[in-house]
Every structure is written in structure tokens, then in C-alpha cells.
Amino acid sequence: MTAQRPDQTRQRHGVMVRAWHWLNAVALAVMLMSGLAIFNAHPRLYWGQTGTWGDPAWLQIGSSGDKGLLLVGERMFDTSGWLGLWTDSEGRTQQWATPGWATLPARYDLALARNWHLLFAWVMVLAWLVYVLHGWWRGHFRGDLGVRSDQLRPRALWLALRAHFGLTALRALATGEYNSLQRLSYLAVIFGLIPLMILTGLSMSPGVNAALPWLPELFGGRQSARSLHFLTMTGLLLFVVLHLVMVLLAGPFRLTRSMITGGVQGDG
Amino acid sequence: MAEPIDRRTALAGLMGGGMLLAGCDRIASTSAFDHAVGGARALTFHSQRALIADGRLAREFTPADISTRFHANGSTDPDDAIYRAHVDSGFRHWQLVVDGLVHRPLRLSLAQLARLPQRTQITRHDCVEGWSAIAQWQGVPLGLVLAHAGLMPDARYIVFHCADRLGGDVYYESIDLVDGFHPQTILAHRMNGQPLAVAHGAPLRLRVERQLGYKHAKYVMRIELVAGLDRIGGGRGGYWEDRRNYDWYAGI
């Protein structure tokens, strides 16, 4: 039994959750932006073991004349100004796939982008390991994030989803324990998207391929793993955007403060 | 306890984002960042070596897996006068030089190399840019050539001096003895059953299958055994390593 604090309150976020949250916020931003910079070296995605210039790609970004183009399968989208053809901060037209404001570094430098990416890959992997082991040990996943089977019934999930629609309900939601949808999405990120990101990333390493030849095959070959790395990134990005929208709607200052100080259970 | 998001907050957020971006470039030029990158590289190198030090092989594929397209990157047609002369004479007078910290410096013609025991392997080539292609390579295991030359005790690295220039500078690469004596590390002179084409590094290119493409030096003219890399080129062990700070160990 741990000693209760004199005021009998419990922190909403443990110190490990807070540390991991902010470390991850930085690491994810660096990984995403340096990843896009690496993608610019070959902005084409394939399925299977191989794929190079001239091979059919299921996604590619390029330009034609004064148009930036995104091709997904047979469909073509005009993405001028955003992808394939854009104007940099000095007003010059650039034809790299993703724009400078979204990449790290902003100008094309594959080696530096890889240095950022592979440095923060270690940060992410080690931080994730520490967080998961700690969470298991302290019952964080069973307690704060555990989902009971009755919460998974369609009606229960519908009620949980409805709680995200009204502002008042959303604000109320952000004070107590996580509801089932929050728990499910956090669990999906922690035990789904992040491990998938790590494993598809490692599948692209020729050294790891020699050590664990089955790993890229798990995803259908090296280029499939690269495609899934990209799609999983999109999933993570979607989570971050939804997460930020929810926080902005439910009370950004209060919630940010409690993710820094720990907050008080029942008060965000 | 609701608080509206006012314009000032939004502006501060935007400015924060911009400063963060500018800040990243500043961080990347500090020595602390270099140290951190060095640490991450060492972590990658040592953990990968722990996993594959026992001579673990890169996956080999079947003839049916060979790619129809194999993009040629970097130099594809060196304009060095001596090299051009070798191309014109079908590399008949070309010789591979093996020297440095060896007991018996060697000069090997293409015919001599072809008479040595050969290894044929179908492997996937992974470019640092992100693409992959599968091809069949035939050549002499590098370890065999090194054994013929006889390494002096302080030889630690194998440097490959190439015939091609990029931006005026000669291409070179280097690997250590673990990769040098790995059974799949070969000096390839045939690709997909044909003599190596000029675009792919004729007459001889390195295959070091557990690393990325830029380590697979093309147009190899001379193999030099050295104790350290600091006196070669810019001191970082390779053309791209010197110029752009690419990883010397390209297992990832």
C-alpha cells in the first residue's frame, strides 16, 4: 500500500506516462518529418520484394510541367503547391515530393534525414520498451487502459462514441478515467501502430534481414514492408491529429497542464 | 472551465512551429548532435554485429525472382581516360591491384580472377534511396583474394579505389574484415549471366550483401589494406561518408 497524499487525491497521469508522452511527441514529430525527407529520395511505393524506377508503383508523387501530381493506383490527383511541385520559403519552385515545411531537414539532404531518423528511432524504441515494461509492472495497461468485454458491445461503443460529439460531454470526458474508445485507441497505438512501425522499419535494414530473414517476409517482402511503414505512419498521423483536435476542443490549457504536472484525478 | 483559442495562441503556436524547424537545423550543426548520431550509429553497428557476426547470410533468391529492371545509380559511364581505354579494349589489359598492408601485393587480370574459385548468388540490392532490385552475381570471394595476398597483422580495413569520379573526386569505399571475409562478399564480374555492364561497374564491383547499395563500390581498380581510415580520402571511409556524412556502416 503506497502512502496517500495528505489531500487524498490521485494524480491523473503518472510520471512515466507524462515523460513518455512528451518524449514521444518530440520523437514522433522528428520521425515523421525526417521520414518524409527520406521518402523524397524515392517517392514511389511498391508491393512485394522489389521495386525501382520504371516498375509499377501503387503510389507515386511527381510533377509534370507546372503541376504537382499524386498517383494512387490508377487515380491521379493534382497536388500543386503541396506535393510534387511547391514553392519554398525563398520563393523558388521545388519538385521534391513533400514540401520543405514538412521535412527534416527542410532542404533535401538524405544523409542528414537518415541521421535524424535513425537517432530518434533508437529514442522511440528504447522509450517504448521502458514504458511498456513499466506499464506492465505497475498495472497501467490493466488499470488505466484495460477494456472489459462488456465495453466492447456495439451499444456500449456507440455510447462511448456519442460522448465525443457534444462539447460539454467531451469536456466531462476529459476529467475522469478514460472511456472505452480512448482506451482502445491508446492500446491500438501502443501495441499496434508503434510495434508495426518498428518492425516494418527494421524489415528495410539489410543487416536485420540477414539476422531475421523471416521478418520482411512477414509483411510480404522488403518493398511491401516499406509501403506498410508509410501506411502505418499515416495511421499514427491520423491518431495525432484526432488526439490534438480532441484536446483543443476539451480544454487545451487544462489538459496540457495536467499532462505536465500530473493533474488531479477527476479534474483533468 | 472552457477557454477559447484566441488568435494570439494560434499565432504563438505557428511561430513556435517555425522556430522549432529553424531550431532543428541549428541543433543538427552542433557537436552534441554529432555525438548523439555517433552514439546511435555505434548502437546500430554493435547490435547488428551481435546478431550477424556468426557469418549469417543475406537471403538468396531463385532465378525466377530476378528483377527485369535494375536501376544503375551513381556513376554509370566513367569518363576517366584510362578507364575509357580499358572499355575500348574489352578490359584485356586491365588489372586489379591488391596492395597496402599485405605480404604479397597482387596484380590480377580479369582472366586470372575468372580462374579462381567462383561464387554465384542471387541477392536483393537495397539502395539507400529506398528502392530494391534482385540480380544474380558471380565473382571471386574477396576473402580468397585477401588470403592469397596475406594480411599483415595490423590490417583492419579494406579500401576499394574506383575508376569513377563524382563531382571531380574519385569514388572509394571501405569495409572491415568481418564483412571482407564474409562468404557472400564477392568481387563480381558477371551479372545475370553476362559480363558486368559498364553502367553496373564493369569490369569488377564489390558485393557486400548485408549493407546498402552505396557500399557496393563499382569500377574497382585497386584494393588497399589499411590499419585505419583517417588517412584515406576525407577520413570517414567512403565517398558519400566524406561528402554527405552517410553512415560508414550501412546495415540499416
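What number of residues in region B:206-222 are in contact with a Gly (Cβ under 8 Å, 6 or more places away or on another chain) and in a strand (DSSP E or B)?
Final tally of qualifying residues: 2.
Can you name the residue in region B:230-247 that is surrounded by 21 or more Cβ atoms within 10 Å (Cβ to Cβ) and either in a loop (DSSP other than H, G, I, E, B) or touching a Leu at 6+ places or on another chain (Cβ under 6 Å) (or both) and, of all such residues, is farthest from the other protein chains (Cβ to nearest Cβ)?
Filtering region B:230-247 down to residues surrounded by 21 or more Cβ atoms within 10 Å (Cβ to Cβ) leaves B:233, B:237-241, B:246-247.
Within this subset, residues satisfying the condition of being either in a loop (DSSP other than H, G, I, E, B) or touching a Leu at 6+ places or on another chain (Cβ under 6 Å) (or both) are B:233, B:237-238, B:246-247.
Details: B:233: 16, B:237: 14, B:238: 11, B:246: 5, B:247: 7 Å.
This residue is B:233.
All but one of (1) outside any helix (DSSP H, G or I); (2) under 20 Å from residue B:215 (Cα atoms); (3) more than 7 Å from chain A (Cβ to nearest Cβ) hold for residue B:42, so report the exception by its number.
(1)
Filter region B:157-200 down to the residues that are part of a loop (DSSP other than H, G, I, E, B) and surrounded by fewer than 16 Cβ atoms within 10 Å (Cβ to Cβ) and list them by number. Walk me through it before giving the result.
Step one: of region B:157-200, the residues part of a loop (DSSP other than H, G, I, E, B) are B:167-168, B:181-185, B:192-193, B:196-197.
Selection gives B:167, B:168, B:183, B:193, B:197.
So residue A:141 fits all but one of (1) open to solvent by less than 90 Å² (accessible area, probe 1.4 Å); (2) within 14 Å of chain B (Cβ to nearest Cβ); (3) assigned to a helix (DSSP H, G or I); what number is the exception?
Here residue A:141 clears every test but (2).
If I filter region A:122-137 for residues that are of a type outside the set (Phe, Trp, Tyr), more than 18 Å from residue A:194 (Cβ to Cβ) and modelled with pLDDT of 85 or more, do I get at least one hit? Give the derivation first.
Just the residues of region A:122-137 that are of a type outside the set (Phe, Trp, Tyr), to begin with: A:123-127, A:129-130, A:132-135.
Applying the additional criterion that residues be more than 18 Å from residue A:194 (Cβ to Cβ) yields none.
No, there is no match, as no residue in region A:122-137 is of a type outside the set (Phe, Trp, Tyr), more than 18 Å from residue A:194 (Cβ to Cβ) and modelled with pLDDT of 85 or more.
Might you let me know whether region B:76-91 holds any residue that is within 14 Å of another protein chain (Cβ to nearest Cβ), within 24 Å of residue A:204 (Cβ to Cβ) and not charged (D, E, K, R)? Explain how you work it out, then say what you get.
Of the residues in region B:76-91, the ones within 14 Å of another protein chain (Cβ to nearest Cβ) are B:76.
Subsequent filtering for residues that are within 24 Å of residue A:204 (Cβ to Cβ) retains none.
Within region B:76-91, none of the residues are within 14 Å of another protein chain (Cβ to nearest Cβ), within 24 Å of residue A:204 (Cβ to Cβ) and not charged (D, E, K, R).
Which of (1) in a strand (DSSP E or B); (2) within 30 Å of residue A:36 (Cα to Cα) does residue B:129 not meet, given it meets every other one?
The number of the failed condition is (1).
Does residue A:38 satisfy being within 23 Å of residue B:213 (Cβ to Cβ), within 14 Å of another protein chain (Cβ to nearest Cβ), within 17 Å of the chain's Cα centre (by Cα) and aliphatic (A, V, I, L, M)?
On the way: within 23 Å of residue B:213 (Cβ to Cβ): yes; within 14 Å of another protein chain (Cβ to nearest Cβ): yes; within 17 Å of the chain's Cα centre (by Cα): yes; aliphatic (A, V, I, L, M): yes.
It is true that residue A:38 is within 23 Å of residue B:213 (Cβ to Cβ), within 14 Å of another protein chain (Cβ to nearest Cβ), within 17 Å of the chain's Cα centre (by Cα) and aliphatic (A, V, I, L, M).
Take residue B:47 and tell me if it is outside any loop (DSSP other than H, G, I, E, B), more than 7 Å from chain A (Cβ to nearest Cβ) and among the small types (Gly, Ala, Ser). Reasoning before the result, please.
Details: outside any loop (DSSP other than H, G, I, E, B): yes; more than 7 Å from chain A (Cβ to nearest Cβ): yes; among the small types (Gly, Ala, Ser): yes.
The answer is yes for residue B:47.
For the subset of region A:98-107 comprising residues that are in contact (Cβ under 8 Å) with a residue 24 or more places away in the chain and within 11 Å of another protein chain (Cβ to nearest Cβ), which member is surrounded by the most Cβ atoms within 10 Å (Cβ to Cβ)? Break it down stepwise before answering.
Start the filter on region A:98-107 by keeping residues that are in contact (Cβ under 8 Å) with a residue 24 or more places away in the chain, which leaves A:98, A:102-105.
Right, trim to within 11 Å of another protein chain (Cβ to nearest Cβ) and you get A:102-105.
On the way: A:102: 17, A:103: 24, A:104: 26, A:105: 18.
This residue is A:104.
Scan A:86, A:116, A:122 and give me the residue that is open to solvent by 50 Å² or more (accessible area, probe 1.4 Å) and either over 15 Å from residue A:23 (Cβ atoms) or within 14 Å of chain B (Cβ to nearest Cβ) (or both).
Values: A:86 fails: open to solvent by 50 Å² or more (accessible area, probe 1.4 Å); A:116 fails: open to solvent by 50 Å² or more (accessible area, probe 1.4 Å).
A:122 is the lone residue from the list that is open to solvent by 50 Å² or more (accessible area, probe 1.4 Å) and either over 15 Å from residue A:23 (Cβ atoms) or within 14 Å of chain B (Cβ to nearest Cβ) (or both).
Quickly run through region B:59-99 and pick out the residues that are crowded, with 18+ Cβ neighbours inside 10 Å, closer than 26 Å to residue B:225 by Cα and not β-branched (Val, Ile, Thr).
B:74, B:75, B:78, B:83, B:86, B:91, B:94, B:96
Kindly check whether there is at least one residue in region A:127-137 that is facing another protein chain (nearest Cβ under 10 Å) and hydrophobic (A, V, I, L, M, F, W, C).
No, every residue in region A:127-137 fails to be facing another protein chain (nearest Cβ under 10 Å) and hydrophobic (A, V, I, L, M, F, W, C).
The values are calculated or read from the model by the stated rules, or taken from the named source; none is laboratory data. Please read these numbers as outputs of a predicted model, since none were measured by experiment. Virtual Cβ from ideal backbone geometry, glycine too; neighbours counted across all protein chains shown. Surface accessibility is based on the protein's heavy atoms, side chains included, excluding ligands, DNA and RNA. Shrake-Rupley method; radii C 1.70, N 1.55, O 1.52, S 1.80 Å.
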